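Below is one structure, written out as structure tokens, with a few remarks after it.
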Amino acid sequence: MKNLTFKKVTIEHQSVIEAYLSKYSSFCLSSFTFPSLVAWERVYHYQWTILENTLLLKFVPFKENREHFMQPIGEFPVALQSQIIQYAQSLDYKLCIYAVANIFLEKFPEFVSHFEQIEHRDMDDYIYSAEDLALLKGKKYQAKRNLLHQFEMNNHWSSEAITIENIPACLEVINAIYPQQELESTSYLGLELSVLTFVLNHFPQFKEQGILIRIDGRPVAFSIFEHLNPTTCVVHFEKAMREYKGLYQLINREAAKIIFSKGYKYINREEDLGIEGLRKTKLSYHPLEFCPAHVLVFTR
């Protein structure tokens, strides 16, 4: 395993990696899309290889200097399981496997028995009904509808699909929201913004979709989303100018309308990273469930 050659995840590898993700990652975790892997490579240093008809992904967690694995994607036969265990035994630190779905735990219990299973609530994905977010029916969404009504009474807005022609308008939104020092920062926010800029600059090469909102012609908000599996679409980014009350609720609803109209039953809105305000906002939209992203820590 130590002598195995791993390659940096780059756009040139898109077709190979996407073939495995499309065939095998039918579970709901948002980390397993190619745009996410290649864009966040600058932060997590993702590397990949194919072995025994299995996609192996290595990465370095934020602010760490040791390599760990993502959940293997593919057949993952017993021989490969044994190789990874032997590799873990050879290290001078505890190998971790991140973003492990429930279905993996159920399918490979013998392999999992060599690890301690850690619950990681901050990284669990939020799963919503696409219909609920698109229509906002019922008493539980009354506050959202009130904000949307106020917004629509006070603003003349329009929406359009993100295309190569209006990507500069999306970048304009980012520059209006964040000061230049944050865009250039090595903080997590600064890195996230560099990732988002990368996605926008390579938008035509990915299978991403998106919506841009304008007020009186001025670009003020956008959302970027993509197919995750046959029933689920994942929203990767959502940015809006906070000076417009109700704008975040609008971009959320308008993106959900598009997703619902395409036949998706569920929307994955990713994790909350343990950020209190973000968790409160995500919970206010009444998720149907959480998709756990377990961590396995090698024990023996």
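Within the straight-line cut-off of under 26 Å between alpha carbons, the lysines reachable from Lys8 are Lys23, Lys58, Lys63, Lys94, Lys207, sequence neighbours fewer than 8 places apart in one chain being disregarded. The dipole here belongs to the chain: it is taken about the Cα centre, uses +1 on the Cβ of Lys and Arg and -1 on the Cβ of Asp and Glu, and is about 520 debye. Of the residues Leu212, Leu29, Leu191, the one that moves most in a GNM of the chain with alpha-carbon contacts below 10 Å is Leu191.
Over all other residues within a Cβ to Cβ distance under 12 Å of Phe59, the charged ones net out to +1, with Lys and Arg as +1 and Asp and Glu as -1. GNM, the chain, Cα, under 10 Å: largest mean-square fluctuation among Ala39, Ala101, Ala79? Top of the fluctuation ranking is Ala79. Shown for Lys139, Lys7: other C-beta atoms within 10 Å of each C-beta, ranked fewest to most, produce the order Lys139, Lys7. Look at the alpha carbon pairs under 8 Å that are at least 6 residues apart: their mean separation over the length of the stretch 125-270 gives a relative contact order of 36 percent.
Taking square-rooted eigenvalues a ≥ b ≥ c of the alpha carbon gyration tensor, is the chain rounded, prolate or oblate, where a/c under 1.5 means rounded and, failing that, a/b exceeding b/c means prolate? Prolate shape, in that a/c is at least 1.5 and a/b is the bigger ratio. Applying a DSSP loop filter and a limit of 12 other Cβ atoms within 10 Å to the chymotrypsin sites (Phe, Trp or Tyr not before Pro) in the stretch 61-134 leaves Phe62, Tyr93. The stretch between Lys280 and Thr299, if pulled fully straight at 0.36 nm per residue, gains 3.3 nm over its current Cα-Cα span. Counting charges near Leu135 (Lys, Arg +1; Asp, Glu -1) among other residues having Cβ under 9 Å from its Cβ returns a value of +1. When you restrict to C-alpha pairs under 8 Å that are six or more residues apart and normalise by the size of the chain, the relative contact order lands at 27 percent. Picking from Ser15, Phe62, His156, whose Cα lies most toward the positive end of the charge dipole for the chain (charges on Cβ: Lys, Arg +1; Asp, Glu -1)? Among Ser15, Phe62, His156, the one farthest towards the positive end of the dipole of the chain is His156.
Of all DSSP-defined beta bridges confined to the chain, some 90% are antiparallel rather than parallel. Taking 4.7 Å between C-beta atoms as the pairing limit, the chain has these partnerless cysteines: Cys96, Cys170, Cys233.
Computed on the stretch 8-66, with alpha-carbon pairs under 8 angstrom and 6+ residues apart, the relative contact order is 32 percent.
Could you tell me the calculated FRET efficiency between Gln89 and Ser185, based on Cβ-Cβ distance and R0 = 41 angstrom, to the nearest 0.05?
Once rounded, the FRET efficiency stands at 0.55.
Extension gain for the segment Lys107 to Glu289, taken as residue separation times 0.36 nm less the Cα-Cα distance, is 63.4 nm to one decimal. Counting Lys and Arg as +1 and Asp and Glu as -1 over every other residue whose Cβ lies under 9 Å from the Cβ of Trp48, the net charge comes to +3. Quick check: from the Cα gyration tensor, does the stretch 125-270 come out rounded (a/c under 1.5), prolate or oblate? Oblate shape, in that a/c is at least 1.5 and b/c is the bigger or equal ratio.
The GluC sites (Glu not before Pro) found in the stretch 135-228 that occupy coil by DSSP, while having at most 16 further C-beta atoms within 10 Å, are Glu165, Glu184.
Values quoted throughout were computed directly from the atomic coordinates according to the rules given, and no laboratory measurement underlies them. Treat the numbers as computed from the prediction; the structure is a model and nothing was measured. Positions of Cβ are backbone-derived with ideal geometry, glycine not excepted, and every protein chain shown enters the neighbour counts.
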